[in-house]
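Undergrad: I have a structure I would like to understand better, so I am pasting it below and will then ask my questions one at a time.
The values are calculated or read from the model by the stated rules, or taken from the named source; none is laboratory data. Remember, it's a predicted structure, so these values are computed and weren't measured experimentally. We place every Cβ from the backbone using ideal geometry, glycine too, and count neighbours over all the protein chains shown.
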Amino acid sequence: MSQLFFEQLLNGLQLGMFLFLVSAGLTLVFGFMNIINLAHGSLFMIGAYAVAVLTDLTGSFFLGLLLSFPVVAAFALVIELLIIRPLYHRDHLDQVLATFGLILFFNEAVSIVFGRTPLFLNVPEALSGAVQITETFTYPLYRITIIAVGLMVAAVLWFIIVKTRTGMRIRAGTTNPEMIRALGVNIQALNTTIFVVGALFAGLAGGLSAPLTSVEVGMGENLLILSFVCIVIGGIGSIRGALLGALTVGLVDTLGRAFLPDILEQFLDPATANGVGAALSSMSVYLLMIIVLVFKPTGLFPVIKAV
Amino acid sequence: MLSEKHLPAFYALGALLLVVLPWILTAANSSYLISTATRLVIFAIGAVSLDLLIGYTGLVSFGHAAFFGVGAYVVGILAFHNFEDTTVLGFDGTLTGLIVLPLAIVISALFALIIGALALRTKGVYFIMITLSFGQMLFFLFVSLEAYGGDDGMMMFEGRNVLPVIDLNDRITFYYFCLAIFAAFFAFCHRLVRSKFGRVLAAIRQNEDRMTSIGIRPYSAKLLIYVIAGAGAGLAGALMANHTEFVSPGLTHWTKSGDLMIVVILGGIGTLIGPVMGAFVFLLLEEFLPIIFHELGMDLLKEHWRVVFGPILILIVLFAKTGLYGLIFRKNG
Amino acid sequence: MLDIKNLSKSFGALQATENVSLTVNEGTIHALIGPNGAGKTTLISQISGYLTPDSGSITFDGQDLLALPAHKRPHAGLVRSFQITSVIPEFTVRDNVGLVLQSLDNQVFQVFAKAGSDQAERAKADAILERTGLADEADSRAENLAHGQKRQLEIAMALAADPKLLLLDEPMAGMGVEESRNLTTLLTSLRGTTTMLLVEHDMDVVFSLADRISVLVYGKIIATDTPQAIRANRDVQEAYLGTHELHQEDSA
């Protein structure tokens, strides 16, 4: 039992890292640029397809992953220049609809090019083993790598935002957009950079997930909505909030699915417990979000906007 | 371009067209399109209800399909238990329309009350994300209902709901039934947005912060309109379940909420009639774009017409914010 | 009428209201003056319920005001106007006033009553517009009004609520000489029937209208007295009136 728990804990952590990679870009783009970008999930999908195709071409997952970055960056750049930029000063309704239009486009475009059949990718040879954690308990190396990558990204982001001049500008721009304009910072370039970097994180998450799930149309959408839950819980605009939200959501979702039916069986008959457990565990993260919002309507780490 | 003075005439013309539509379609040997026309009318109810939120109150609700799904599932679940001769929460299943349809409205209103009470604590982009999340939550709830087919949903094996005198299983009768409900709902909304309560909603949309100081609690007003809109969407969902005789979680998928928003903006927000036109054009595109692409020899686009529709949507958002309504009518004042 | 006791409010390190006690007597016009940033608007916002004080009490008309939600305070007769004009831009002037009348008549949730065809409301609104000098603009959209007229509409909306106590936050700000004089006349005519707490920078207006004056500096009330006594008060001169000209320029 405790071993199963430990395994699910790591699974939850791994889901949390994927969510963090997607949420980080989402929350930065919203916090700094005041843009809500639904097509962020499409960038996740583009990353996954890019890695699948490039791995096939080069024969190496790592090379494929590396080469996928410029591909994702190029897509992000075009999206930013063509669609996002005119939306800076539009209301959120316009942003939602335009980026929803992007999703429709990318989903159909991908299914035209690759068809509706999912692509599959093997876990790279070098990372295919398992790690002996205790005498009786092993855990896949690849999944551990994902957790490590997620933590590394979090650390790098923390460093950039807290310790560098650019990070200072990002923080200033998030809390006080007027000030950053007054300082004469080239806001356009900074916007584009943040958008592309955020897209790269999403693309990286997509690429890393390619060997674990089927690469298919619309694969990023579920994760996108879960990421919304993460940043709403954490407080929109806050990287710290995104990380905390992502880990919480990852753990609650994974552990809920694994253990809720068993726990309920203590109180209910097996059939009911299974039904209720399945329903409850699929809704658990949303219930969590509701609880957070009832007590803190702007999330756990709200970014206080200067008026 | 027409002015808003011409609206009554436009309404009358539209109503006439919808009334004679089955004859035209039958005469044109295209009576299979009556099913599409029925979908149009049902879809329009949902779109008009969403316009109450987006257009009139400024609430960008991204989970409206959830209520559509609730209404549909009420119909589906009661039909299922009627077929199986079992009970749900102690009640017998039924196909009796006079019970099922009001119940669908009440239960969707109840869902809207609970979801609205929580979601309306937030504003702006939080509200968008939270309504989206609630929609997704209900989607997964329906998926987890294994007894009702889970992912695959369920068929209504005994056909549509039963009403005295009116036979809903007749295609044309069902069309007129939906049309009548649409007309009643449209008239209700038309009256509502011009009522004193409607004026409060407009004031909230324009200057919410001012409301408290004149003794109005925006939260209560927003909650009421959210419940009304949710009930409207639930009604549309109940009709859609009857129309297709099939209910599945797909009805509440978040892209369906997106479709509803598209219809509203395509037609022109805050106009009621706009979203109806939006629904018309949306279904027209869905029905005919594939055929057009086929005729043009572009079979690749036939299946993937959304690859064209996505950019069209973006262009509309960027350059034609007033929608179809704005193309046809010049706003007064 | 209004009794504030030991009210305090801080934003982080900033003490915006510090142990403020203040009584406004029924039927009087009580002015609140002080340099910019003294916490005048913050105080008004706490009385009207837009902000919640950290400690202290406010009694209005015998009832505990802090127990009353902000949106219920106008119904109890406590109404504020805003320093920064806040009207409903797309509404006509008459509808702006009509909305207030509707709220105070508890008709917010009337789903069927048509907004445009309530003759009683229309007559009441027009009477208020007449009093506030906006009769000619009744059918104009609020966003198309000149700045001074928007200020007048702001006052008209406050008066439409038929207040027992009117909180006026710099009602003259941005008004022309003529409009300002008209408003002063209007407020004078309300003396005795409507109690007022007036925040104002224009000292001519303050000294011609006020029965009593309180001086707020850095969140603290340093004096409350008759206009003559305030004029003579040395502390006030040092803390505020002496630098008054300078602050006038700041606020322009």
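Undergrad: Hey, does region A:132-142 have a residue that's of a type outside the set (Phe, Trp, Tyr) and within 24 Å of A:Gly64 (Cβ to Cβ)?
TA: Taking every residue of region A:132-142 in turn, at least one turns out to be of a type outside the set (Phe, Trp, Tyr) and within 24 Å of A:Gly64 (Cβ to Cβ).
Undergrad: Within the group C:Ala67, C:Ala76, which residue is farther than 20 Å from C:Leu216 by Cα, within 14 Å of chain B (Cβ to nearest Cβ), out of contact with any helix residue (DSSP H, G or I) (no Cβ under 6 Å at 6 or more places or on another chain) and surrounded by fewer than 17 Cβ atoms within 10 Å (Cβ to Cβ)?
TA: Among C:Ala67, C:Ala76, only C:Ala76 is farther than 20 Å from C:Leu216 by Cα, within 14 Å of chain B (Cβ to nearest Cβ), out of contact with any helix residue (DSSP H, G or I) (no Cβ under 6 Å at 6 or more places or on another chain) and surrounded by fewer than 17 Cβ atoms within 10 Å (Cβ to Cβ).
Undergrad: A further question follows. Out of all the residues in region C:130-189, which are of a type in the set (Asp, Glu), surrounded by fewer than 22 Cβ atoms within 10 Å (Cβ to Cβ) and in a helix (DSSP H, G or I)?
TA: Within region C:130-189, C:Glu130, C:Asp136, C:Glu137, C:Glu143, C:Glu178, C:Glu179 qualify.
Undergrad: Tell me which residues, restricted to region A:261-307, are closer than 30 Å to A:Ile170 by Cα, of a type in the set (Gly, Ala, Ser) and surrounded by fewer than 19 Cβ atoms within 10 Å (Cβ to Cβ).
TA: Across region A:261-307, the qualifying residue is only A:Ala306.
Undergrad: Related question: Check whether at least one residue in region B:108-122 is within 14 Å of chain A (Cβ to nearest Cβ) and in contact with a Ser or Thr (Cβ under 7 Å, 6 or more places away or on another chain), and report yes or no.
TA: Yes, there is a match, as at least one residue in region B:108-122 is within 14 Å of chain A (Cβ to nearest Cβ) and in contact with a Ser or Thr (Cβ under 7 Å, 6 or more places away or on another chain).
Undergrad: Can you tell me which residues in region B:182-217 are more than 9 Å from chain C (Cβ to nearest Cβ) and not in a helix (DSSP H, G or I)?
TA: Those that are more than 9 Å from chain C (Cβ to nearest Cβ) and not in a helix (DSSP H, G or I): none in region B:182-217.
Undergrad: Just one of the numbered conditions (1) of a type in the set (A, V, I, L, M); (2) under 21 Å from A:Ala76 (Cβ atoms); (3) buried (at least 17 other Cβ atoms within 10 Å of the Cβ) is not true of A:Ile233; which one?
TA: The failed condition is (2).
Undergrad: If you don't mind, there's one more thing I want to ask. Given the criterion of a type in the set (Gly, Ala, Ser), away from chain B (no Cβ under 14 Å) and either buried (at least 22 other Cβ atoms within 10 Å of the Cβ) or touching a helix residue (DSSP H, G or I) at 6+ places or on another chain (Cβ under 6 Å) (or both), identify the matching residue among A:Gly250, A:Gly256, A:Gly218. Let's see the steps before the verdict.
TA: Values: A:Gly256 fails: away from chain B (no Cβ under 14 Å); A:Gly218 fails: away from chain B (no Cβ under 14 Å).
Being of a type in the set (Gly, Ala, Ser), away from chain B (no Cβ under 14 Å) and either buried (at least 22 other Cβ atoms within 10 Å of the Cβ) or touching a helix residue (DSSP H, G or I) at 6+ places or on another chain (Cβ under 6 Å) (or both) holds for just one of A:Gly250, A:Gly256, A:Gly218, which is A:Gly250.
Undergrad: I would also like to ask the following. From B:Thr122, B:Thr94, grab the single residue that is over 22 Å from B:Val74 (Cα atoms) and not in a helix (DSSP H, G or I).
TA: Numbers: B:Thr94 fails: over 22 Å from B:Val74 (Cα atoms).
Criteria check complete, one pass: B:Thr122.
Undergrad: Taking interchain pairs and intrachain pairs at least six residues apart, which have beta carbon atoms under 6 angstrom, with the first residue in region A:92-108 and over 16 Å from B:Phe319 (Cα atoms) and the second in a helix (DSSP H, G or I) and of a type in the set (D, E, K, R)?
TA: A:Leu104/B:Arg306; A:Glu108/B:Arg306
Undergrad: In addition: Got a sec? Which of C:Gly116, C:Gly148, C:Gly98 is at pLDDT 95 or above and not assigned by TED's automatic domain parsing to the domain that holds C:Val217? I'd like the intermediate steps shown before the answer.
TA: Working: C:Gly116 fails: at pLDDT 95 or above; C:Gly148 fails: at pLDDT 95 or above.
One residue alone meets the criteria, C:Gly98.
Undergrad: For the subset of region B:287-307 comprising residues that are within 14 Å of A:Ala109 (Cβ to Cβ) and surrounded by fewer than 17 Cβ atoms within 10 Å (Cβ to Cβ), which member is farthest from the other protein chains (Cβ to nearest Cβ)?
TA: Pass one, region B:287-307, residues within 14 Å of A:Ala109 (Cβ to Cβ): B:300-301, B:303-307.
With surrounded by fewer than 17 Cβ atoms within 10 Å (Cβ to Cβ) added as a condition, the list becomes B:300, B:303.
Numbers: B:Leu300: 6, B:Glu303: 8 Å.
Ranking the qualifying residues of region B:287-307, first place goes to B:Glu303.
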